[in-house]
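Working notes, structure below.
The values are calculated or read from the model by the stated rules, or taken from the named source; none is laboratory data. Note that the structure is predicted; figures quoted are calculated from it, not measured. Positions of Cβ are generated from backbone atoms using ideal geometry, with glycine treated the same way; all protein chains shown enter the neighbour counts. The accessibility values were calculated without ligands, DNA or RNA, using every heavy atom of the protein model including side chains. Shrake-Rupley method; radii C 1.70, N 1.55, O 1.52, S 1.80 Å.
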Amino acid sequence: MAAESPTPTDATETAIATEPAETVEPTQAEAPDATETPEATPEGTELPVMINSAFLDSAAGTIEVRGTVTGFIGDGTCTVTAMNADGTELTAEAAATPDAQSTICAPITITGASAGDWQVTLAFEGDGVWGESEPLPAEAG
């Protein structure tokens, strides 16, 4: 019976030795996350940005874009990028306007647009927040 006692003791010691090793690994993984959180801002850093309208006036050579940033009420910069099928890229930016429930990218006018198919993307950048819309075709108006 004396021989049986050391075997359970050894098994218990092995289990105890494994548990602290597992405890140390998650603690090390949590440390970088804690460091990144203050730098990256609170959750919600990436915001939904939506293009409400994008109209091409080929006679005037302009594309007018309006958009909304949801989930954020504050200042920032709205940047519109328009890409033509031939690879021509045009950009324009304007200050965002805080609204009662969102942030508005008021009419932003891109100049130098010719007739053709244009894909428009709206990006927003504010104090610790940002977002970008899906591309949307500009409608001829």
_Quick test of your reading of the structure: Glu89 fulfils all but one of (1) farther than 17 Å from Asp127 by Cα; (2) open to solvent by 20 Å² or more (accessible area, probe 1.4 Å); (3) in contact (Cβ under 8 Å) with a residue 12 or more places away in the chain; (4) not aliphatic (A, V, I, L, M). Name the failing condition by number._
(3)
*Can you name every residue in the range 117-135 that is buried (at least 17 other Cβ atoms within 10 Å of the Cβ) and either over 21 Å from Ala95 (Cα atoms) or in contact with a Leu (Cβ under 6 Å, 6 or more places away or on another chain) (or both)?*
Trp118, Val120, Val129, Gly131, Ser133
*Looking at (1) modelled with pLDDT of 95 or more; (2) open to solvent by less than 70 Å² (accessible area, probe 1.4 Å), which is the one condition that is false for Ala21?*
(1)
